[in-house]
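Inspection log for the structure reproduced underneath, given as structure tokens.
Here, each number is a calculation from the coordinates, and none is a lab measurement. Keep in mind that what you see is a predicted model, and the values were worked out from it rather than measured. With ideal geometry, Cβ positions are generated from the backbone for all residues, glycine too; neighbour counts draw on all protein chains shown.
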Amino acid sequence: MRLLVPIFLVFCLSHCTYLTREPGNPPKIDGIPIPDSRRTVYVQNFRNNSYGIAMHTTLSDLVKQEINYRGRFIQTREKSQAAYRIYGEISHYQQVGALLDQGGQQLSKEMFVVCKVELQKAGGEKIPLERTEIPARIIYSDQVGFMETEGQAQTRLLKILAVRIAEELERAWYYSIAGKIEGEEE
């Protein structure tokens, strides 16, 4: 019995580790792995052009975390070492009451944010994105249902936005280099 518990623990831990990593190694095009030199990216801190205070710093961090988690890009801290650069700006933030009770008091609120994003090659050439402005919207309440504070709701909103940004950038990056791997024969 004493021997089975450590074996079971090792099996569970190794299984969890396996599930949290991206399956396979780097992304491939026609079975050819994309070279690491084509996967390097630098994420510029996002700018804020809205009334949402400090949202841009939180969004910058969340986008960096999401890119690391997804594993398709390799982030660098040096802009000069990156093959691609990501720029973003929160261009719109709005919070409005969404649901009122019979007395006219707000029960829930709606948050809406729009972020402009841009993906560039190291030389400054812009990669066309399907959408350059990516929206996210949530409804939250600090009184009924799943209660959360404004800060918690804002973080949830920005996490949703970070996932959408990462997906959009990865799609544009992948389609921009599909079939165009330098130094590889087809």
Please give the net charge around Ala162, taking every other residue with its beta carbon less than 13 angstrom from that of Ala162, where Lys and Arg add +1 and Asp and Glu add -1.
0
Peptide ranges 117-125, 41-49 listed from the most packed, as the mean C-beta count within 10 angstrom indicates:
41-49, 117-125
Calculated from backbone phi, Karplus (6.51, -1.76, 1.60) coupling profile of the range 118-123 in Hz, x at Gly/Pro
8, 10, 10, 6, 4, x
